[in-house]
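In what follows, a single structure is set out as structure tokens and then discussed.
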Amino acid sequence: MTLEARGVSFAYGSGESLVKGFSALFPPGSVTAILGPNGAGKTTFLKLLLGLLKPCEGEIICKGKSISETSHKERAETISYLPQRSVQPQEWSLWELAEKGGFPRRGGGSFGEFIQKKKREAGELLELEDLWERPISTLSGGELQRGLIARCLVQDCPILVMDEPMNHLDLAHRLRICGLFDRLSTEGKTVIYAVHDFNISIQFNHRLFVLKKGGEFVEAPKERGAMESLLKETYFVDFSSIDIHDFSYYYPKKNGSN
């Protein structure tokens, strides 16, 4: 299912634009990363995609119509969302948290079978089989984050929007999550996520947009020199890069070093 931004602009009140005239298609089978400095507007943009905020100009198109015209039920069945921050009851088990993702589909005769199938799949994909019965209060930040991602998988929507899903994850699990995104894309799902560790997105060849202060989106160039310049314009820090196997790795320079 395609999600589309058409000439979208947004600002809070009379403040600086956080999104300015952005248009893009997010088709089925695509994985897109959104990169940008703190406060640039990544979370705001994701909320626009979800219909949680209304654009000042332009519109978000989902299922052939403006997302503002879709019901809450339609959105819950179409887009799963991982927020950057959320508060969970500490006495819940991890599975009690994850199974809430299936609520939009409850009521059907096969719901019990569906939810158990999703539990098995998410447990295997995210290495959670031994953690399902643990209370949230006993989990590490990374374990809880994987449980929150599992909730999105249980929701089983054609579009997944995730705000910094790599938060709290160690390097091995970051690789696992990016591999999961690629698997979801082969199933025809659309994945859009905000990220700071953009090198891992480049390694997995995910489409990458850079959101600069002032609301300008720039699709990341493939050429190393152009990407280094874009990163400098975005973060006001000099960057250099090296080739590792079949991708380029970018790093900030320290005190003018190479």
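The values are calculated or read from the model by the stated rules, or taken from the named source; none is laboratory data. Note that this is a predicted model, so its numbers are computed, not measured. Cβ coordinates were reconstructed from backbone atoms using ideal geometry, including for glycine residues, and neighbour counts include every protein chain displayed. Each accessible area value is taken on the protein alone, full model and side chains, heavy atoms only, with ligands, DNA and RNA left out. Shrake-Rupley method; radii C 1.70, N 1.55, O 1.52, S 1.80 Å.
Computed values, structure above
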{"read-out": "Hits in the stretch 56-75 - residues which are in contact with a helix residue (DSSP H, G or I) (Cβ under 9 Å, 6 or more places away or on another chain), part of a loop (DSSP other than H, G, I, E, B) and open to solvent by 30 Å² or more (accessible area, probe 1.4 Å)", "value": "LYS63"}
{"read-out": "Qualifying residue in the stretch 16-24 (condition: aromatic (Phe, Trp, Tyr) and within 14 Å of the chain's Cα centre (by Cα))", "value": "no"}
{"read-out": "Residue among PHE204, PHE209 that alone is in contact with a helix residue (DSSP H, G or I) (Cβ under 7 Å, 6 or more places away or on another chain) and over 21 Å from ARG120 (Cα atoms)", "value": "PHE204"}
{"read-out": "The stretch 229-252 residues that are closer than 17 Å to ASN38 by Cβ and among the hydrophobic types (A, V, I, L, M, F, W, C), paired with ones that are open to solvent by 60 Å² or more (accessible area, probe 1.4 Å) and part of a loop (DSSP other than H, G, I, E, B) (beta carbon under 8 Å, 6 or more apart)", "value": "VAL237/LYS253"}
{"read-out": "Residues satisfying the stated conditions in the stretch 115-149, i.e. in a helix (DSSP H, G or I), in contact (Cβ under 8 Å) with a residue 24 or more places away in the chain and in contact with an Asp or Glu (Cβ under 9 Å, 6 or more places away or on another chain)", "value": "ILE115, LYS118, LYS119, GLY123, ILE136, SER137, GLY142, ARG146"}
{"read-out": "Residue within the stretch 172-187 that is among the aliphatic types (A, V, I, L, M), in contact with a Pro (Cβ under 8 Å, 6 or more places away or on another chain), touching a residue at least 24 places away in the same chain (Cβ under 8 Å) and not in a loop (DSSP other than H, G, I, E, B) present", "value": "yes"}
{"read-out": "Residues of the stretch 76-88 that turn out to be open to solvent by less than 40 Å² (accessible area, probe 1.4 Å) and over 17 Å from the mean Cα position of the chain (by Cα), as a count", "value": "1"}
{"read-out": "Filtered residues of the stretch 173-197 (kept if open to solvent by 20 Å² or more (accessible area, probe 1.4 Å) and within 14 Å of the chain's Cα centre (by Cα))", "value": "ARG174, GLY179, ASP182, SER185, LYS189, HIS196, ASP197"}
{"read-out": "Tally of residues being part of a helix (DSSP H, G or I) and either over 20 Å from ASP163 (Cβ atoms) or open to solvent by 30 Å² or more (accessible area, probe 1.4 Å) (or both) across the stretch 35-55", "value": "2"}
{"read-out": "The stretch 9-47: number of residues that are closer than 26 Å to GLY188 by Cβ and among the basic types (Lys, Arg)", "value": "2"}
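Residue-by-condition table, conditions (1) crowded, with 18+ Cβ neighbours inside 10 Å; (2) among the charged types (D, E, K, R):
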residue	(1), (2)
ILE202	yes, no
ARG207	no, yes
GLY215	yes, no
ALA220	yes, no
GLU223	no, yes
MET227	yes, no
THR234	yes, no
SER241	no, no
PHE247	no, no
